[in-house]
1. Size of the chain along its principal axes in angstrom, Cα-based, largest extent first?
2. Mind checking the angle between helix 64-75 and the chain's longest principal axis? C-alpha axes, 0 to 90 degrees, to the nearest 10.
Amino acid sequence: MRLTILLLILLFIGLQYKLWWGDGGLLELWQLKQSVVQQQSLNSNMEEQNSALAAEVEDLKMGDAALEERARTELGMIKDDEIFYQIVNGSANVNNSSQ
């Protein structure tokens, strides 16, 4: 009788170990759920970036205004009849040699 109870207890402990820490156990399930949440967050961020890029591509395809703005800001381009002025903020470093 005692031997049967001891064997049942050992079997129960063995099954519990496999349930919690074995392959496909609850610990692995929890880790996979955390991984899924992180991946969904990453996917959401990527979808937002893709939407922004798609909107920018559509703007560039549809009108000259977006293309002109991009050429001006990123490439520093100007039209033929315009004059380019560059304003520099800050003070110039002057080397004083009064030693």
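Please treat every number below as a calculation from the coordinates, not as lab data. Predicted, not measured: the structure shown is a model, and the values here were computed from it.
1. Taking the Cα atoms of the chain, the three principal extents are 104, 62, 13 Å.
2. Orientation of helix 64-75: about 90 degrees from the principal axis.
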